[in-house]
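J.: Once you've had a glance at the structure underneath, I'll fire off some questions.
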Amino acid sequence: MPDDLEDIKKRARIVAEATGRDEADVLADLLDDGVLNDSHRAPKDLVTQLREAAQLITTVQEVNSQVSQNSVLNGGDNKTDVKIETTLEGDIVDRALASAQRKADNLKKLIATLVPVFLLLTGGSLEAFGVIDFVGSDGDDYDPYYEEGYGGCLAYDATNYDPDASWDDGSCYWDNGGGSGSDCEPDWWWQNEAIFDHDHDGQGFNNDLRVQVDFRDLNACNEHMNNGYFEIMVGDDSRILEYNFHDEFTINEHYLNLAPGDYYVTVDYYTHDGSSWAGPTAWVTMEGQSNDPCAGVSVTQKESTIEQNTRSSFVYHSIMIHDGPADCVLRTEYMLSYYHDGSYQGTVESDQIGWWDIHNYETEHEISEPQFDNLGPGKWELETRWILEGQPEVCCEMTNTITVD
């Protein structure tokens, strides 16, 4: 081992003098693995290693030549073969080739990627490696895609497959309406179905139709549904919707001012090859314009009070009006509940004393019932409940309070 160490030191000294490197640095490099390859240092990026490899290869060749021809070192005519071995050429080139091969999709891009490596190692052209006009030349054929790369569809069975793309950018689609190029199985469903009549344009009656529904792939396979169409049937009327989409589509259609009557509504999706998905169905009734003069009329209660009539009784007094035409008369059902000091006492209803008719002018009413006579001392008030013909109930409004001594 000491003789081997002395031999390594001698080699280190010779290389240091020839290359200008520090002798200790060269010695550390040789002691690391016996090869002059900078393996004792932190790894460098590939480009830096390639540059240093080219310089070192030239230097090693010069050292071998100088040592072999040095008459002082060899003693006269003697000749000593001193060979400093290095595997840098093989290591660096192999790694460059492997890295380039992984990144290349075809031979042309592989050659384009390796040109800088070949030129750096040889200082010349591709002819040094036996590559002569391999990619051909048609004048100015610069293509930035080969220099920088670009994204495209790399699914071989897709309609827009691009074998020259450098990476898959998710743009693949299939014109046949099926087959996503993966193991994902589409699962198409209709969701959020809403088919109903309403008054969309404010005419006062429901003669408008709305059709709203989602068509969705629950597995989100990115399946492109191209060249297909939706068909909406409203009675005998067909409406076709042609859209290209993937994963989901929302239908939101309005039909305005339909004639009065019942309509059967269906929604379906068809592909160009005859496949189809049956969608939601519904029966919807369209209203006609009403001949009722009170249609859409609202009633306002302008006043509702109780007034003490005698020392121990009171009278209910009310004024009401509606906003409809003069020929509109609304018959009104009512219920009056009376309270003494906050405690319920009883109720007077319209079927006992008759209904009231409300007109488009102020209609005044007074009620004086036996239940409102001979009241005991304390605080009294009424709670009113109205049910107007064709109107929503107006409930539980309290009148003022009177005090009976």
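The values are calculated or read from the model by the stated rules, or taken from the named source; none is laboratory data. Quick caveat: nothing in here was measured; it's all calculated off a predicted structure. Using ideal geometry, Cβ is built from the backbone for each residue, glycine included, and neighbour counts are taken over all protein chains shown.
J.: Give the residue, chosen from Glu193, Glu231, that is surrounded by fewer than 17 Cβ atoms within 10 Å (Cβ to Cβ), modelled with pLDDT of 95 or more, over 30 Å from Ala158 (Cβ atoms) and outside the structural domain of Cys328 (by TED's automatic domain parsing).
T.: After ruling out the rest, the residue left standing is Glu193.
J.: Run Gly288 past the list (1) under 30 Å from the mean Cα position of the chain (by Cα); (2) more than 25 Å from Asn160 (Cβ to Cβ) and report the number of the one that doesn't hold.
T.: Against the list (1) under 30 Å from the mean Cα position of the chain (by Cα); (2) more than 25 Å from Asn160 (Cβ to Cβ), Gly288 comes up short only on (1).
J.: May I pose another question? Among (1) farther than 30 Å from Pro293 by Cβ; (2) outside any loop (DSSP other than H, G, I, E, B), where does Asp273 come up short?
T.: Every condition holds for Asp273 apart from (2).
J.: Same structure again: In region 219-238, how many residues are free of Cβ contacts under 8 Å to residues at least 24 places away in the same chain and either under 26 Å from Gly204 (Cβ atoms) or within 22 Å of the chain's Cα centre (by Cα) (or both)?
T.: Number satisfying all stated conditions: 1.
J.: For Ser180, indicate whether it is surrounded by 16 or more Cβ atoms within 10 Å (Cβ to Cβ), at pLDDT below 85 and among the polar types (S, T, N, Q).
T.: Yes.
J.: All but one of (1) assigned to a helix (DSSP H, G or I); (2) among the charged types (D, E, K, R); (3) modelled with pLDDT under 75 hold for Arg13; which doesn't?
T.: (3)
J.: Given region 323-405, what strands (runs of 3 or more DSSP E) lie entirely inside it while holding 2 or more residues that are surrounded by fewer than 15 Cβ atoms within 10 Å (Cβ to Cβ) and among the acidic types (Asp, Glu)?
T.: Fully inside region 323-405 and qualifying: 363-367.
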